[in-house]
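The numbers here are math on the coordinates, done by the rules we state, and not lab data. This structure is a prediction, so every number in the text was calculated from the model and none was measured. Neighbour counts are summed over all protein chains in view; Cβ atoms, including those assigned to glycine, are modelled from backbone coordinates with ideal geometry.
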Amino acid sequence: MGLKARLQQDLKDAMRAKDELRVSVIRLLNALIKNREVDKRRELTETELLEAVAFSSKLRREAIEEYRRAGREDLAGKEEAELRILELYLPPPLSKEELLRKVEEVIADVGASSLKDMGKVMARLMPEILGRVDGRLASEMVKEVLSRAS
């Protein structure tokens with residue numbers, strides 16, 4: 001079952017169960033997907049659907065940080081609950097070791113030897129780890145490995 005069909009089924013199930021939070025999160029995600037489809041004038045691919053979920057998850061993580069900085073633990077808790085729902089639609093996260101192996105593999109494939117090649121490495125790496133690792137963490141690891149290589 002594709003992600004879009006799964007979202008529709010989960011929305012129906014959440015509505016039947018009267019799970020207002022899950023209904024709200026899935027509706028917001030569906031709206032984001034629909035807006036992207038309107039912009040592109042076509043249905044999104046599975047990869048683009050994952051990008052939308054990852055984007056929505058990233059927004060929640062940033063909001064959690066901001067709410068915590070402002071001392072609004074109640075709002076941070078709500079965002080965390082929404083994030084847990086979104087994470088159900090993402091592939092399982094990579095461990096640091098798995099990410100390191102993936103980074104080293106891509107660096108070898110691309111033939112990167114210095115920080116100047118970081119753009120090439122990131123362009124090749126990000127589609128492979130989409131939704132599984134935060135881009136910031138991946139970027140830091142690529143910098144670390146490339147700076148060791150040079």
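What the table shows:
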| read-out | value |
| --- | --- |
| Total residues in segment 65-75, condition farther than 20 Å from R27 by Cα and hydrophobic (A, V, I, L, M, F, W, C) | 1 |
| Segment 76-133: number of residues that are under 27 Å from R22 (Cα atoms), of a type in the set (A, V, I, L, M) and loosely packed, with under 15 Cβ neighbours inside 10 Å | 2 |
| Selected residue (only one of E46, E66 is surrounded by fewer than 16 Cβ atoms within 10 Å (Cβ to Cβ), within 15 Å of the chain's Cα centre (by Cα) and under 23 Å from R132 (Cα atoms)) | E46 |
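Conditions (1) among the acidic types (D, E); (2) surrounded by fewer than 13 Cβ atoms within 10 Å (Cβ to Cβ); (3) more than 20 Å from the chain's Cα centre (by Cα); (4) over 20 Å from R84 (Cβ atoms), marked per residue:
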site: G2; (1), (2), (3), (4): no, yes, no, yes
site: R6; (1), (2), (3), (4): no, no, no, no
site: A14; (1), (2), (3), (4): no, no, yes, no
site: K18; (1), (2), (3), (4): no, yes, yes, no
site: I26; (1), (2), (3), (4): no, no, no, no
site: A31; (1), (2), (3), (4): no, yes, no, no
site: R42; (1), (2), (3), (4): no, yes, yes, yes
